[in-house]
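The values are calculated or read from the model by the stated rules, or taken from the named source; none is laboratory data. Everything numeric here is computed off the predicted structure, so don't read it as measured data. Counting neighbours? That spans all protein chains shown, and the Cβs are built from the backbone with ideal geometry, glycine included. Areas reflect the complete protein model, heavy atoms only, side chains present, ligands, DNA and RNA absent. Shrake-Rupley method; radii C 1.70, N 1.55, O 1.52, S 1.80 Å.
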Amino acid sequence: MSLENRIAEIIVSRLNVKPEEVTDSANLKDDLGADSLDMVDLMMDLEDTFNLKISDEEGNTLQTVGSVVSFLKTKGIEA
Amino acid sequence: MSDKRVVITGLGVFSPIGNTTSEAWENAVAGKSGVRKLSRIDPELFTSQVAGEVRDFDPSELLGPKNARRNDRYTQLAMAAAEQAWADSGLDEESADPERVGVVIGSGVGGMETFENQHAIALDRGPRRISSMFVPMMISNMAAGQVAIDLNAKGPNFATVTACASSSHAIASSVDAIRLGRADVMVTGGSEAPLTMMSIGGFCSMKALCTTFNDEPEKASRPFDKDRSGFVIAEGACILVLEELEHAIARGAHIIAEVAGVGMSCDAHHITAPAPGGEGCARAMKMAMQDAGMNPEDVDYVNAHGTSTNLNDINETAAIRAALGAQADRVLVSSTKSVHGHMLGATGGMEIMLTALALKNGVVPPTATHESPGEGCDLDYVPGTARKADIQCALSNSLGFGGHNVCIALRKYKGDS
C-alpha cells in the first residue's frame, strides 16, 4: 500500500470520514471536522503506525492531508 | 413552597426489558425477565454470571459513527434514551426556549469501560498513549453534557452521583429546578454501563450479587423472596422529560403523570449496609408524602427499591411499615428489578417511569419472580402476576451505597384537578 493510502486509511478511521473526502488539500480541521482532541489521537496513530516521534511543534504544522504525507516523507518514510 | 407543579411529558428507555417505552412496559407487566447469562464479558471470570444487558443496541446506527467512537457506552445509552424521550415529549425549540431546558443525568460510576480500556493501554504502553478522549469519555457528568449538545438544551446542567440513588436524585433535583423557576423543562434520569471486569468483579467481592441462579438467569433477581441471594447487575438508561404543568398545558402536551413530591435523607450509619429498620428510607418516604400533600392512606402503590439482597429487602419492608403504618397492610408493593435487574445509577429512572405508567394505565407490574416470602418480608409484593388497580398515588424508592435515600411521590394525572 502506498504511503498516501496508509495515511488516508488512518484518517478515515480516526475521523469517521469518507475515503473520497481525504484529498491532498483537505484541511484536517476545517474540511474533515477534526477537533483538538482528534488531532492528539491522530498524531498518536501516526506515531504508532510509522514508529516515529512527532513533537507538538511538528504536529501543529500538519494542517492538511498533503502536509502529513510530505512530513512523513521528510522523516524518511516511503510506505 | 412554590405553587408550580411538575408533570412527566416524555419517556425514553434502553433497558434489559426493551429499547422502547411500550416494550419495556409490556414486559414489566407480563413479568417477562430480561436477565440472561452474561455475554458482554466472559461469565466464567465471576461468581455471579447473570446480567441484565441492553440487546440490539447499535450506537453507530443510532448516534452516528463519530458519536459512537467518542462516547462511553453509558453516554451512548443516555443519548439514545434522551432522543427518544425528547421525541416522545413533542418539544422543539419553538415550544421550549433552549435556555429554559435543563439536563440532569445521574450515573453511579460513569465511563467504567473507558477507564479500564485506557488503563490497560497505559500499563502496556505507558501513559503517553492514553487517548485524548479518555477524560471526556470517562467522567460521569458527560452524559448530561452530551445530551445538552444533542438537544441544544442550555439551562441548568449537571450530574448526580449517589450510587444506586443517582437517577432518583437527578429527577428530584430536576423537580426542584422547575419549582424554583430555573427551568420550564428538565430532561432527566440516569444511565449506567457497568458490565465490565472491575464493576462486576468489585460487586462480586462485596458478595452483593446473586450467585445461586447462574443456570436459571430469569429467576435470579428475586426481591423479597426467601431464596434471594443478591442483586442482578444490569445496564441501561432511562430518561424522563419533566415539564412545568402550565407550560405543558399551554402547548397541549400529553401528560403521563404528575411528580408530586420529593423526599431525601441519609442513614449516616454504614458505607453499604442500610440503617436498622430502614430508618433513613422511612424518613425519605415520609418527606416525599408530606411534600406531595399525601397521607399514608392515600398511597396505593410503592415501587420498591427491592434489590433482592438480604439486607435491603428486610429493611425496606420495615421502612414501608414505618412510613405507612396501617396502610402498609393494604398497599401494593412491587420491585420491577425482578425483570430488569439492578440498573444501578439508572434504576431510579427506570422504576419512576414504570410507576408513572402504572398510574396512567391502572395496572401494577408484579414482582415477577417472587414465590415464597423471605423472613421479615410480609407485605403484598404483587407476586408473579400484574394487578389491575385504579391507583391514584404512588411512591418510588431508591437507595444507594453511602446511605443515600430518595423517595419520589407520583400522582395520577386527571386533567384539571
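Roll a 1.4 angstrom probe over the protein heavy atoms and tell me the percent of accessible area of the range B:2-131 that is carbon or sulfur. Mind showing how you got there, number by number?
On the way: 2670 of 5540 Å².
Taking all protein chains in place, the range B:2-131 shows 48 percent carbon and sulfur surface.
Shape descriptor for the protein assembly as shown: Rg over Rh equals 1.04 (Cα atoms; Rh from the Kirkwood inverse mean 1/r).
Burial here means at least 50 square angstrom less accessible surface with every protein chain in place than with the chain by itself, probed at 1.4 Å; in the range B:121-143 the buried residues are B:Arg129, B:Ser132.
For the range B:105-171, the normalised intensity computed at q = 0.11, 0.22 Å⁻¹ comes to -0.33, -0.89 (log10 of I(q)/I(0), Debye sum over alpha carbons, equal scatterers, no solvent). Averaged per residue, the range B:274-417 has 31 square angstrom of accessible surface, using a 1.4 angstrom probe with ligands and nucleic acids left out.
Carbon-plus-sulfur accessible fraction, the range B:205-304 (probe radius 1.4 Å, protein heavy atoms only): 51%.
In Å², rounded to the nearest 100, what is the total accessible surface buried by chains A and B against each other with a 1.4 Å probe?
On the way: alone 4710 and 15520 Å², together 19180 Å².
So the total buried area for this chain pair works out to about 1000 Å².
Average accessible surface for the range B:1-155: 43 Å² per residue, computed with a 1.4 Å probe over protein heavy atoms with every protein chain in place. Sparsely packed loop sites in the range B:15-66 (the trypsin sites (Lys or Arg not before Pro) outside DSSP H, G, I, E and B with at most 16 other Cβ atoms within 10 Å) comprise B:Lys32, B:Arg40, B:Arg55. In this structure the amide hydrogen of A:Leu32, modeled in the peptide plane, comes within under 5 Å of the amide hydrogens of A:Asn27, none closer than 5 places in sequence on its chain. How much net charge surrounds B:Ser60 when only other residues with a Cβ under 14 Å from its Cβ are counted (Lys, Arg +1; Asp, Glu -1)? Around B:Ser60, the charge tally is +1.
In the range A:34-79, how does Rg compare with the Kirkwood Rh, expressed as the Rg/Rh ratio over alpha carbon atoms? Taking Rg over the Kirkwood Rh, I get 0.92. For the range B:307-359, the calculated P(r) over all alpha carbon pairs, in 10 Å bins from 0 to the bin holding the longest distance, is 21, 47, 31, 1 percent. Along the range B:230-246 the Karplus relation, 6.51 cos²θ - 1.76 cosθ + 1.60 evaluated at θ = phi - 60°, assigns HN-Hα couplings of x, 8, 9, 6, 8, 10, x, 9, 9, 10, 10, 9, 9, 9, 5, 3, 5 Hz to successive residues, with x for each Gly and Pro.
Could you check how much of the accessible area of the range A:11-68 is carbon and sulfur, as a whole percent, using a 1.4 Å probe?
Ligands and nucleic acids excluded, carbon and sulfur reach 48 percent.
Burial here means at least 40 square angstrom less accessible surface with every protein chain in place than with the chain by itself, probed at 1.4 Å; in the range A:40-68 the buried residues are A:Asp41, A:Met44, A:Asp48.
Between B:Leu45 and A:Glu21, what's the calculated FRET efficiency when r is the beta-carbon distance and R0 is 35 Å? Round to 0.05. After rounding, the FRET efficiency stands at 0.25.
Quote the FRET efficiency, to the nearest 0.05, computed for B:Lys414 versus B:Leu311 with a Förster distance R0 of 41 Å and r equal to the Cβ-Cβ distance. Let's see the in-between values first.
Details: r = 38 Å, r/R0 = 0.94.
Efficiency for this residue pair is about 0.60.
Can you give the Kirkwood hydrodynamic radius for chain B, in Å, rounded to one decimal and based on Cα pairs? The partial results should precede the final answer.
Details: mean 1/r = 0.0482 Å⁻¹.
Mean inverse Cα-Cα distance, inverted, gives 20.8 Å.
Scanning chain B for GluC sites (Glu not before Pro) that sit in a DSSP loop and have at most 13 other Cβ atoms within 10 Å, the longest stretch containing none of them is B:95-370. Scalar couplings 3J(HN,Hα) for the range B:375-386, obtained by applying the Karplus form with A = 6.51, B = -1.76, C = 1.60 to θ = phi - 60°, are 4, x, 10, 10, 10, 7, 8, 6, x, x, 10, 4 Hz; x denotes Gly and Pro.
Where in chain B are the DSSP H helices whose C-alpha atoms run 30 Å or more along the long axis and whose mean Kyte hydropathy is at least 0.5? Before the final figure, lay out the partial values.
Numbers: long enough: none.
The qualifying helices: there are none.
Accessible surface calculations at 1.4 Å, restricted to protein heavy atoms, place chain A at 53 Å² per residue.
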